[in-house]
Amino acid sequence: MPSTPQQIDTWKSRLLDLSRRNRLLHLRPGAALALTNPPAADLYGLLVRRRTLEFADALTPEQLRIAEQIHEGRIACELGTYVQITADARNPGYFNVQTKAQRYRMYPVVTATGAIRLEDQKVGAVWLQLANKSMLMNQKLGQRVADECMSPAQHAVAQALAAKPAPSLFEPATPPQQATAPAADGNTSVVYNK
């Protein structure tokens, strides 16, 4: 029986096929795919400058629907800061999110609550967009990068909520006001809820 190191070497040689059957190593002329976008010269330039390339995952139809709801542009935040959100023209559903000091490449994440959420999982950044405000958080550090960010549409919702606040969940519900009116027979009264 072969020793363990010999078995491992045998397994390795079976996993890596260096013969002519391996099409990744031995291409036939005309069997390769043409690179059209980006052009080969641009791709070579990217590889020389960056050494790595990132490829975008295809998003689900649900994620693309979420992406349609993202507020874009320069969004003002508290303390005079801002967040710039720009859709990636080459990759639908992806966004470039930038603050004064940081840049993120984010995509929509489906949530159980229906909240609009973008994530950059590589750096742990999250953009959370609510009806009346948005915030940018760093999950790895456990801190908010930007808070109270409001697009013009969110600012309008925030003003409407300030003018007429939603009822608190912690206060008891007020019973509906009741009005009475005499019944047609004159003997009994009918109670109506307003």
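Values computed for the structure shown
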| item | result |
| --- | --- |
| In segment 97-151, the residues that are under 17 Å from Thr81 (Cβ atoms) and either among the acidic types (Asp, Glu) or part of a loop (DSSP other than H, G, I, E, B) (or both) | Thr99, Lys100, Ala101, Gln102, Lys133, Leu141, Asp147, Glu148, Ser151 |
| Test: residue in segment 113-132 that is at pLDDT below 90, surrounded by 10 or more Cβ atoms within 10 Å (Cβ to Cβ) and under 26 Å from the mean Cα position of the chain (by Cα) | yes |
| Matching residues in segment 142-158 - criterion: being in contact (Cβ under 8 Å) with a residue 12 or more places away in the chain and hydrophobic (A, V, I, L, M, F, W, C) | Val145, Ala146, Cys149, Met150, Ala153, Val157, Ala158 |
| Positions within segment 101-116 being touching a residue at least 40 places away in the same chain (Cβ under 8 Å) and not β-branched (Val, Ile, Thr), in sequence order | Gln102, Arg105, Tyr107, Pro108 |
| Pairs with Cβ under 6 Å, 6+ apart, first in segment 7-21 and at positive phi, second part of a loop (DSSP other than H, G, I, E, B) and at pLDDT below 75 | none |
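The values are calculated or read from the model by the stated rules, or taken from the named source; none is laboratory data. For clarity, every value in this text was computed on a predicted model and none was experimentally measured. Cβ: placed from backbone, ideal geometry, glycine included. Neighbour counts: every protein chain shown.
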